[in-house]
Amino acid sequence: MNKRVELALNDQIEKEASSSQYYLAMASWAENNGLNGTAKFMYLHSDEERFHMLKLIKFVNERGGTALVPAVGKPPVHFENLETVFSLLLEHEIKVTESINNLVDVCLQEKDYSTHNFVQWYVSEQLEEEALARTVLDKLKLIGGDKGGMYMFDRDLENSAIQPTNPAGPTA
Ligand code: OFO
């Protein structure tokens, strides 16, 4: 496997692992604050990011490279409020999109068209994830700081189809 492409793929593996931990921290915070809908959303999102990481690890190893399982930093324990959580999520996804775009660039520069083709799945996934984060954040902005509104938002999130897709099936 081309060394630059391998390096960029390993960098992406680290980003997906960090995303998974970050959303897991958000899920745990939400659960401890009685926000079960948000917790469900974030647990699913965390699982989804782990799946993204695994898909990359398998791809690198199957193509003759060496996938590096990364150490990830400790995510925050406390978050200010729901709007902060979803703003951070959107901010994070925008950074991940930049990193995917960089990966696409490296593939093209190195003329690695099969990895380029593989990475297109992540390009579409990022589009969906950013759109989902924006939809949720728009709803929260409409509610403002209203407590009753927050309660309804969280309850709706728990029952709604606005959830990340979980490739591994539902969590507990
Ligand atoms: Fe892996 O899709 Fe978001 O970060």
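(1) touching a Leu at 6+ places or on another chain (Cβ under 8 Å); (2) part of a helix (DSSP H, G or I): which one isn't true of residue 65, the others all being true?
(2)
Look at residue 6 and say whether it is under 23 Å from residue 119 (Cα atoms), open to solvent by less than 40 Å² (accessible area, probe 1.4 Å) and more than 16 Å from the ligand (Cβ to nearest atom). Walk me through how you get there before you give the answer.
Details: under 23 Å from residue 119 (Cα atoms): yes; open to solvent by less than 40 Å² (accessible area, probe 1.4 Å): yes; more than 16 Å from the ligand (Cβ to nearest atom): yes.
Against the criterion (under 23 Å from residue 119 (Cα atoms), open to solvent by less than 40 Å² (accessible area, probe 1.4 Å) and more than 16 Å from the ligand (Cβ to nearest atom)), residue 6 qualifies.
Kindly indicate whether residue 97 is within 15 Å of the ligand (Cβ to nearest atom) and either within 13 Å of residue 8 (Cα to Cα) or part of a helix (DSSP H, G or I) (or both).
So residue 97 passes the test.
What pairs can you find where one residue is in the stretch 41-67 and open to solvent by less than 10 Å² (accessible area, probe 1.4 Å), the other is hydroxyl-bearing (Ser, Thr, Tyr), and their Cβ atoms are less than 6 Å apart, with a gap of 6+ or different chains?
Close Cβ pairs (under 6 Å, with a partner that is hydroxyl-bearing (Ser, Thr, Tyr)) amount to 42/23; 45/23; 46/20; 46/23; 49/19; 49/20.
Which one is nearest to residue 88 (Cα to Cα), of the residues in the stretch 128-139 that are more than 10 Å from the ligand (Cβ to nearest atom) and open to solvent by 50 Å² or more (accessible area, probe 1.4 Å)?
First, the residues of the stretch 128-139 that are more than 10 Å from the ligand (Cβ to nearest atom): 131, 134-139.
Next cut, open to solvent by 50 Å² or more (accessible area, probe 1.4 Å) only: 131, 134-135, 138-139.
Values: 131: 14, 134: 11, 135: 14, 138: 14, 139: 15 Å.
It comes out as 134.
Quick one: residue 100 ticks every box in (1) at positive phi; (2) touching a residue at least 12 places away in the same chain (Cβ under 8 Å) except a single one, so which number is it?
Looking at each condition in turn, residue 100 falls short on (1).
Could you tell me which numbered condition residue 91 fails, if it satisfies all but one of (1) more than 15 Å from the ligand (Cβ to nearest atom); (2) free of Cβ contacts under 8 Å to residues at least 12 places away in the same chain; (3) under 30 Å from residue 149 (Cβ atoms)?
(1)
The values are calculated or read from the model by the stated rules, or taken from the named source; none is laboratory data. Just so it is clear, the structure is predicted and the values come from calculations on it, not from any experiment. Positions of Cβ are backbone-derived with ideal geometry, glycine not excepted, and every protein chain shown enters the neighbour counts. Just the protein is used for accessible areas: all its heavy atoms, side chains included, with ligands, DNA and RNA removed. Shrake-Rupley method; radii C 1.70, N 1.55, O 1.52, S 1.80 Å.
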